[in-house]
Amino acid sequence: QVHLVESGGGLVQDGGSLRLSCVASGSILRPNTMGWYRQAPGKQRESVAHITSGGTTNYVDSVKGRFTISRDNAKNTVYLQMNSLKPEDTAVYYCGYWSGLGWTPSLHTDWGQGTQVTVSS
């Protein structure tokens with residue numbers, strides 16, 4: 001099992017920036033995929049961005065050009081740099097880890113507790 005701890009959320013104005021971090025610990029296997037997901041009130045959790053242990057990335061269309069996912073394998077940490085934030089980005093952001101490569105979480109995905117991001121208009 002992998003334990004994930006997210007941080008970096010907060011309140012920011014429309015157009016502002018935040019950087020989220022997710023530190024993983026435990027039985028980390030390689031290759032693996034880590035992803036950021038978000039869930040707004042009354043909505044289902046949705047994918048935001050993914051990155052493999054080899055550095056391949058993908059993004060949901062709504063954040064392309066604004067968000068950047070990266071990782072430091074030596075620190076077992078994945079980041080999400082969020083620029084040009086919009087009120088519709090408001091959500092709880094979760095970090096997920098699964099062994100293997102692919103953009104779909106596996107049945108054995110580990111999740112963090114989430115960090116709140118609020119963008120005011």
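The values are calculated or read from the model by the stated rules, or taken from the named source; none is laboratory data. Given the structure is predicted, the values throughout are model-derived calculations rather than measurements. Neighbour counts run over all protein chains shown; Cβ positions are idealised from the backbone, glycine included. Heads up: the accessible areas ignore ligands, DNA and RNA and are worked out on the full protein's heavy atoms, side chains in. Shrake-Rupley method; radii C 1.70, N 1.55, O 1.52, S 1.80 Å.
General observations
- Hits in region 1-15 - residues which are farther than 12 Å from Tyr94 by Cα and either in contact with a strand residue (DSSP E or B) (Cβ under 7 Å, 6 or more places away or on another chain) or of a type in the set (A, V, I, L, M) (or both): Gln1, Val2, His3, Gly10, Leu11, Val12, Gln13, Asp14
- Within region 22-40, restricting attention to residues that are of a type in the set (A, V, I, L, M, F, W, C) and assigned to a loop (DSSP other than H, G, I, E, B), the residue that is nearest to Trp111 (Cα to Cα) is Ile28.
- Of all residues in region 101-121, those satisfying the criterion of being part of a loop (DSSP other than H, G, I, E, B), on the phi < 0 side of the Ramachandran plot and of a type outside the set (Val, Ile, Thr) are Leu101, Trp103, Pro105, Ser106, Leu107, His108, Gly112, Gln113, Ser121.
- Checked against (1) open to solvent by less than 10 Å² (accessible area, probe 1.4 Å); (2) over 16 Å from His50 (Cβ atoms), Ala74 passes all but condition (1).
- Checklist (1) out of contact with any Gly (no Cβ under 9 Å at 6 or more places or on another chain); (2) at pLDDT below 95; (3) of a type in the set (A, V, I, L, M, F, W, C) applied to Val63, failing item: (2)
- If the condition is being more than 16 Å from Gly100 (Cβ to Cβ), in contact (Cβ under 8 Å) with a residue 40 or more places away in the chain and surrounded by 19 or more Cβ atoms within 10 Å (Cβ to Cβ), then region 10-59 contributes Leu18, Leu20, Cys22, Trp36, Tyr37, Arg38, Val48.
- Scan of region 41-84 for residues that are out of contact with any Cys (no Cβ under 7 Å at 6 or more places or on another chain), over 18 Å from Val12 (Cα atoms), part of a strand (DSSP E or B) and of a type in the set (A, V, I, L, M, F, W, C), ordered by number: Val48, Ala49, Ile51, Ile69
- Trp103 farther than 17 Å from Leu4 by Cβ and within 15 Å of the chain's Cα centre (by Cα): yes
- Taken over region 85-100, the criterion of being surrounded by 14 or more Cβ atoms within 10 Å (Cβ to Cβ) and either touching a His at 6+ places or on another chain (Cβ under 8 Å) or not in a helix (DSSP H, G or I) (or both) is satisfied by Leu85, Lys86, Thr90, Ala91, Val92, Tyr93, Tyr94, Cys95, Gly96, Tyr97, Trp98, Ser99.
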